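This report concerns only the one structure given below.
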There are 2 protein chains.
Amino acid sequence: MSGPGPVVALAGGVGGAKLAVGLAEALPPGALTVIVNTADDLSLHGLHISPDLDTVMYNLAGLSDPEQGWGIAGDTTGALELLGRYGGPTWFRLGDRDMATHIRRTQRLSEGGRLTEVTAELCASLNISSRVLPMTDAPVATRVQTPEGELEFQDYFVARGTRPRVTGVRFQGAEAAEAAPEALAAIREAETIVFCPSNPIVSLGPILAIREISDLLENATAPRLAVSPIIGGAALRGPAAEMLQGLGHEVSALGVARIMRKYLDGFVLDDQDADLLPSLKSLGVAGRAAPTVMTDLTTKKALAEKVLDFARSLR
Amino acid sequence: MSGPGPVVALAGGVGGAKLAVGLAEALPPGALTVIVNTADDLSLHGLHISPDLDTVMYNLAGLSDPEQGWGIAGDTTGALELLGRYGGPTWFRLGDRDMATHIRRTQRLSEGGRLTEVTAELCASLNISSRVLPMTDAPVATRVQTPEGELEFQDYFVARGTRPRVTGVRFQGAEAAEAAPEALAAIREAETIVFCPSNPIVSLGPILAIREISDLLENATAPRLAVSPIIGGAALRGPAAEMLQGLGHEVSALGVARIMRKYLDGFVLDDQDADLLPSLKSLGVAGRAAPTVMTDLTTKKALAEKVLDFARSLR
């Protein structure tokens, strides 16, 4: 049996990063490219922060905090404490080692580096053999509509702890944003495309809001699979369930598959949602049930191997 | 006996910061203004670093590392370690809490704040009752001529550990630099002017290279005193002795007094140099001997009181 060839995974933050780690483990070095949401990016303390890129990067480098899934394990917070004393915002938790990433990124961007290039440099320094690519080098910003008004994503997500009810979402700048050429080339060359179990609205949604990426994914001949971020009607973490509900979607693996229908050949849902397989079939999407809860490297790699095996069967 | 009125101290890094702490302790709150050398400033990791301002500020805030005299006591270095892994320079040691100062300063400068304003904000956040003023808001950079070529100051001072022989010094930008209006106003209002025991060449030299400051100090009617940074022919720390020698000056308290002659009414030298008092007198500068080695708050305050007492006698 031949190898899976180049694999492209599309990811947001923690959930996406977990499957990315599994795929990197299951594939030959260099076979994986992860295209990451950047619509959560923000500027704080004058620094350019890319939370999803960092989460994927730290996870692939084995640096990430295993408990919270983001940030760097064992990091200190001296800089943030003094920044707070200077009057800076402290609601977005930035560790000291983490701060180095934002400082370096900001410096290199100010020197004219594209985010794609700067991310590649950071990953090389961390000895990451997979490629990590931002969906675009252009600024795109997720705005969340709530009864309290339209909020910046991190204001909704971190500062307000996802408590406001979500009535709408838009991706400011997405229409004008060109995809990075590296991301487009990776999708064109991919022999397998995997949508990680990330929030379909605010993690995968912004990536799919980039027209060039959306067009390529819609018309790709490589098998395209998603792993459901919803298990038994709830998200393992984050506000995906509340968002789906607020936007009028069914809060289930099936609801996610419906939203992503035009990009999908196959859909992996959790064993406990196996009763949805017939409905998936009537949606015209091949389904497979698997244990999708990833708690350690073994379960991450096992899920990745299931996904890659499923992809082979669809080719 | 009336109080000393407003006092202006001129300072570089560690030695100057020590006497500034003593003066702040000896004077009523708000009476002290410290005008600080900024020709050592540098840009690293895209951040604006002002080593002498920070040393004075951290010392006045009681935050500084009592052993090394600069930096923040007990600081961690996680950010610098990862910046190094990203390929950034690590020869200039920056702690994590310290990093917050540079991040905040850089942000506020990029927003259009003047260095004088930004420094005032930082000091207010650290509850410093004295005023700390940069000598200018304009860029001035000390360049050190050596047999190895002309070096940036921190390259000479930190990276090369002051090992190269100094054959010349220039202050790039000083001629064009205007003094900050706050610094000029402070000197005009001062009833006592104190040159701290800082390096006369590269700490006080750049301040005196600002024409407007130099003119005001030369013509001030307030008593002007200096404390010798040279004791028994050597500097307590730093390359002052080697620099004086390299530039053809006598390496002694008297040599320093000669260089600063036109700015001085009184000169405080260490008890062990009391034999130089007659030579000072023939130079036309009032002299006084005192214990000038500052090892703790008590000795800092005691020296400050000696200096202020001496100033009263010259008024």
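What follows is calculated from the coordinates using simple rules that are stated; it is not laboratory data. Here the structure is a predicted model, which means the values were calculated and not measured. Cβ: placed from backbone, ideal geometry, glycine included. Neighbour counts: every protein chain shown.
So here's what we get for this one:
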| quantity | calculated |
| --- | --- |
| Efficiency of FRET from Cβ geometry, residue B:237 and residue B:314, R₀ 30 Å, rounded to 0.05 | 0.60 |
| FRET efficiency, residue B:109 to residue A:152 (Cβ-Cβ, R0 30 Å, nearest 0.05) | 0.75 |
| Cα-projected label distance for residue B:297 with residue B:129, points at 7 Å along beta-carbon direction, nm | 1.2 nm |
| Peptide B:36-47 - average C-beta neighbours from other chains (10 Å radius) | 2 |
| In sequence order, calculated HN-Hα J values of the range B:56-67 (Karplus, 6.51, -1.76, 1.60; Hz; x Gly/Pro) | 5, 5, 5, 5, 5, 7, x, 9, 6, 5, x, 6 |
| Listed residues B:230, B:35, B:259, most fluctuating in chain B (Gaussian network, C-alpha, under 10 Å) | B:259 |
| In the range A:188-243, trypsin sites (Lys or Arg not before Pro) in a DSSP loop with at most 14 other beta-carbon atoms within 10 Å | A:237 |
| Residue with peak Gaussian network fluctuation, chain B [Cα springs, cutoff 10 Å], from B:292, B:106, B:192 | B:106 |
| Fully extended contour minus Cα-Cα distance, from residue B:121 to residue B:163, at 0.36 nm per residue | 11.5 nm |
| Contact order relative to length of the range A:23-113, as percent, for alpha carbon pairs under 8 angstrom and 6 or more apart | 21 percent |
| Only Lys, Arg (+1) and Asp, Glu (-1) charged, at Cβ; the range A:114-160 dipole about Cα centre in debye | 180 debye |
| Cβ-Cβ FRET estimate between residue A:218 and residue B:67, R0 fixed at 51 Å, reported to 0.05 | 0.20 |
| Within-11-Å neighbourhood charge of residue A:268 [Cβ basis; K, R +1; D, E -1] | -2 |
| Sequence-distant lysines (8 or more away, or on other chains) whose Cα lies within less than 25 Å of residue B:306 | B:18, B:262, B:281 |
| Amide H contacts of residue B:226 (H built 1.01 Å from N, under 5 Å, at least 5 apart or other chain) | B:195, B:266, B:267, B:268 |
| For the range A:76-84, Karplus couplings with θ = phi - 60° (6.51, -1.76, 1.60), whole Hz, Gly/Pro x | 9, 9, x, 5, 4, 4, 6, 4, x |
| Cα-based helix-to-principal-axis angle, A:14-26 vs chain A, degrees rounded to 10 | 60 degrees |
| GluC sites (Glu not before Pro) restricted to the range B:138-224 and DSSP loop, no more than 16 other C-beta within 10 Å | B:148, B:175, B:178 |
| Span from the the range A:224-251 Cα centroid across to the the range B:71-148 one, whole angstrom | 45 Å |
| Cβ crowding within 10 Å averaged over residues, with A:128-139, A:77-88 ranked highest first | A:128-139, A:77-88 |
| For the range B:203-315, projected area of the alpha-carbon convex hull averaged over all directions, nm² | 7.1 nm² |
| Estimated dipole of the range B:65-157 in Debye, rounded to 20 [Cβ of Lys and Arg +1, of Asp and Glu -1, Cα centre] | 280 debye |
| 3J(HN,Hα) from dihedral phi, the range B:178-185, Karplus parametrisation 6.51/-1.76/1.60, rounded to Hz, x for glycine, proline | 8, 5, 5, x, 5, 5, 5, 4 |
| Long-range amide H partners of residue A:167 with built H, under 5 Å | A:145, A:146 |
| Average other protein chain Cβ within 10 Å of Cβ, residues B:81-93 | 5 |
| Gyration tensor (alpha-carbon) shape descriptor, the range B:79-196, a/c threshold 1.5 | oblate |
| Gaussian network model of chain B, springs between alpha carbon atoms under 10 Å - residue of B:96, B:41, B:265 with greatest fluctuation | B:96 |
| Mean separation of Cα contacts under 8 Å, 6 or more apart, over the residue count of the range A:126-181: relative contact order % | 45 percent |
| Residue-averaged 222 nm ellipticity for the protein assembly as shown, from DSSP H runs of 4+ at -39500 (n - 2.57), nearest 500 | -11000 deg cm²/dmol |
| For A:135-141, mean number of other protein chain Cβ atoms within 10 Å | 0 |
| q = 0.06 Å⁻¹, the protein assembly as shown: log10 I(q)/I(0) [Debye, one scatterer per Cα] | -0.44 |
| Amide H within-cut-off set for residue B:88, under 5 Å, with H built and near neighbours excluded | none |
| Chain B: relative contact order as a whole-number percent, Cα under 8 Å and 6+ apart | 20 percent |
| Size of the range A:1-72 as Cα extents on the principal axes (Å, biggest first) | 51, 24, 17 |
| Total charge dipole magnitude, the protein assembly as shown, about the Cα centre, Cβ charges on Lys, Arg, Asp, Glu only, Debye to nearest 20 | 20 debye |
| nm² value of the averaged projected area, convex hull over the Cα atoms of chain B | 15.3 nm² |
